[in-house]
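Structure record follows, encoded as structure tokens.
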Ligand SMILES: Nc1nc2c(ncn2[C@@H]2O[C@H](COP(=O)(O)OP(=O)(O)O)[C@@H](O)[C@H]2O)c(=O)[nH]1
Ligand SMILES: [Mg+2]
């Protein structure tokens, strides 16, 4: 029988390349919220993959995007992602196979900048070339793989699709080879976040799906009450926005918008908890919280 191996793996990359989708595909269940908007993931999220065949435990940490930040909130998110690199045994760098560099360069400079931060942390890197389903001409993938392999010292390079669940197993095999012998957690341990964290995230996901432009970036969700009663779980949450106009947008004419957001989130939370949920949402203006580093840390890391 093969030896047991276990280690921590930081999932890093630019915003929107599919890191959170990949975490969910690796775990075979939805843990992280994913949307078509960059900047969705706000805090590091642990998801532990465990298998017996061969005995392997990979403690994945999904991170906010690593990209040169353009705002105080962005800086707080990069600082959060950077922290996860320090504890990692290996790094899973995710890039989007459909992106091109300037002049058709097979390597996008922003991806390379992320790699440089990772290499500076001294960790072995598996590169996941994600979203290959979006690339019509598959032969165009070869030069990209070759360019990465020749320009950088990577432990492995895996073309894959998180959305279509293609080649995700290959990522696990490559990472297994990079982590030490041992076991980290009980076999049924999945995450260290409480249910209320995931409830808050599902409210935020519903808001992102229902609003546009700058509203999603202005929003943070905190759960004020989470009580299991006989027939249902009662959840009261506050949506913090950084300016008054966004409160109006979120509530909507006659409260219709908030009602739609609440019912979409409730369905998802019921699916997660596998029981009936009563969900009450409040909206509060927390003037300029995204521009105040301390408030931004509080509202993104201790959400839930
Ligand atoms: N076509 C395609 N889309 C993907 C794939 N992986 C992720 N996406 C989409 O890319 C967007 C961003 O994904 P997300 O996981 O939130 O990215 P993150 O910001 O890196 O965590 C979402 O709309 C996903 O559905 C993939 O393999 N193929
Ligand atoms: Mg994400």
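Data table
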item	result
Candidate set: the stretch 5-37, residues that are more than 10 Å from ligand 2 (Cβ to nearest atom) and within 19 Å of residue 124 (Cβ to Cβ); chosen: the one farthest from the chain's Cα centre (by Cα)	5
Criterion: assigned by TED's automatic domain parsing to the domain that holds residue 287, more than 30 Å from residue 295 (Cβ to Cβ) and surrounded by fewer than 16 Cβ atoms within 10 Å (Cβ to Cβ) - qualifying residue of 214, 229, 181	229
Residue list for the stretch 38-56, restricted to those being away from ligand 2 (no atom under 16 Å from the Cβ) and either under 11 Å from the mean Cα position of the chain (by Cα) or part of a strand (DSSP E or B) (or both)	48, 49, 50, 51, 52, 55, 56
Answer from 21, 40 - the residue that is at pLDDT 90 or above, over 30 Å from residue 182 (Cα atoms) and within 8 Å of ligand 1 (Cβ to nearest atom)	40
Qualifying residue in the stretch 154-169 (condition: assigned to a helix (DSSP H, G or I), in the same structural domain as residue 117 (by TED's automatic domain parsing) and touching a helix residue (DSSP H, G or I) at 6+ places or on another chain (Cβ under 7 Å))	yes
Strands (runs of 3 or more DSSP E) contained in the stretch 187-304 and holding at least 3 residues under 20 Å from the mean Cα position of the chain (by Cα)	220-228
Scan of the stretch 57-71 for residues that are away from ligand 2 (no atom under 16 Å from the Cβ), modelled with pLDDT of 80 or more and either surrounded by fewer than 22 Cβ atoms within 10 Å (Cβ to Cβ) or within 8 Å of the chain's Cα centre (by Cα) (or both), ordered by number	70, 71
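The values are calculated or read from the model by the stated rules, or taken from the named source; none is laboratory data. As the structure is a computational prediction, the values presented were derived from the model and not from experiment. With ideal geometry, Cβ positions are generated from the backbone for all residues, glycine too; neighbour counts draw on all protein chains shown.
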